[in-house]
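The values are calculated or read from the model by the stated rules, or taken from the named source; none is laboratory data. The structure presented is a predicted model; accordingly, all values stated were derived computationally and were not measured. Here the Cβ is made from the backbone with ideal geometry for all residues, glycine too, and neighbour counts use every protein chain on show.
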Amino acid sequence: MGPAPFAEVGKFMLVNPFARELVAEADETLGHSLFRAFRAAEGDYSVPAQVAFFVNCLALARWAEAEFGLDPSYVIGPSFGGKATAVHSGSLSFADGVRLTERFARCLDAYFAEDYPEQVATQSFARTPRALLDEILAELDGDDEWYDITCTLDEDFRMLTLRASRIEWLQQRLRAAGGMPLYVMRPPMHSIAFAGLRARAAQEVMAGLEFHDPVLPVVSDQDGSVLTGGEQIRDLLLDCCVRAVEWPTALDALRSREVGTLLVAGQDALFGRVGAATKNFKVVPANPRLALRPRRTAAA
């Protein structure tokens, strides 16, 4: 999940038939209008933004399967995409997926407001080989600073979580070394330091949700393992609080199973664009802009 402002996806939610159907179902589950709440919300990771992202990913996956005649062999959802993965795989009902997404978004906000007073953030950056990153990390070690690599997207593309007060220093250090600092994510995720978040989510988020064995096998974004049990999917979602995303490892797992096409359902600026994806797969985007284009004619 990255920034997906209402202005960029609102029309898709109103016009696309797959999205309209799911938005209506989400409204019934939430007890209010998701569209209006999303339009009024502030912040890339607000509660309505997270629910809208979840709904839009599922709508785009269903649209793409119908539009392109696809029959997927596996489903994978890195980071916040895990919730949509649980539903699209058949492990979780859509209504329970809405409940899970809304509860988790509120739990995430509450945890960092109440239980984790230290201000931390996640900096994503590209063009930074591991040897160069190790030099930067050594400087943080010398200052006795806490940090954690919470996402690896490619051999030179990672995310580092650390105290928010060191973000500006990190950006300057990356630029000086030829790296490219990108988006700053708040709130952070995927660190063993957030074990309290996992424990809180297990109690507040998962209560009453029923996970089934998935119809479509799920590939873990954390270690590339193939998950076929309902409890495994539940644990995958909880473990996203404390385990790093290892995207190249997950993609290697798909390649080893002779997957050749990667359809990316959602507004994607990272996972489908890194070299680990584009060099090894035929990447087919399924984003709101594409879904709003006029349907292709038979002649075309």
Original post:
Residues in the range 10-26: is at least one among the small types (Gly, Ala, Ser), out of contact with any strand residue (DSSP E or B) (no Cβ under 6 Å at 6 or more places or on another chain), more than 23 Å from Glu210 (Cα to Cα) and assigned to a loop (DSSP other than H, G, I, E, B)?
Top reply: no
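Can you find a residue in the range 191-210 that is acidic (Asp, Glu), closer than 29 Å to Leu70 by Cα and in contact with a Gly (Cβ under 6 Å, 6 or more places away or on another chain)?
No, the range 191-210 contains no residue that is acidic (Asp, Glu), closer than 29 Å to Leu70 by Cα and in contact with a Gly (Cβ under 6 Å, 6 or more places away or on another chain).
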Original post:
Could you say whether any residue in the range 10-22 is touching a Lys or Arg at 6+ places or on another chain (Cβ under 9 Å), at pLDDT 95 or above, among the small types (Gly, Ala, Ser) and surrounded by fewer than 22 Cβ atoms within 10 Å (Cβ to Cβ)?
Top reply: no
Subject >> Count of residues meeting criterion [more than 24 Å from Pro187 (Cα to Cα) and touching a residue at least 12 places away in the same chain (Cβ under 8 Å)] in the range 29-47 >> reply: 1
Subject >> Checking Val226 against (1) modelled with pLDDT of 95 or more; (2) farther than 20 Å from Asp96 by Cα; (3) surrounded by 19 or more Cβ atoms within 10 Å (Cβ to Cβ), the condition it does not meet >> reply: (3)
Original post:
Counting just the residues of the range 191-215 that are touching a helix residue (DSSP H, G or I) at 6+ places or on another chain (Cβ under 7 Å) and in a loop (DSSP other than H, G, I, E, B), which one comes out nearest to Thr161 (Cα to Cα)?
Top reply: Val205
**OP:** Could you check, for the range 58-72, whether at least one of its residues is touching a His at 6+ places or on another chain (Cβ under 9 Å), closer than 14 Å to Leu237 by Cβ and either hydrophobic (A, V, I, L, M, F, W, C) or in a helix (DSSP H, G or I) (or both)?
**Re:** no
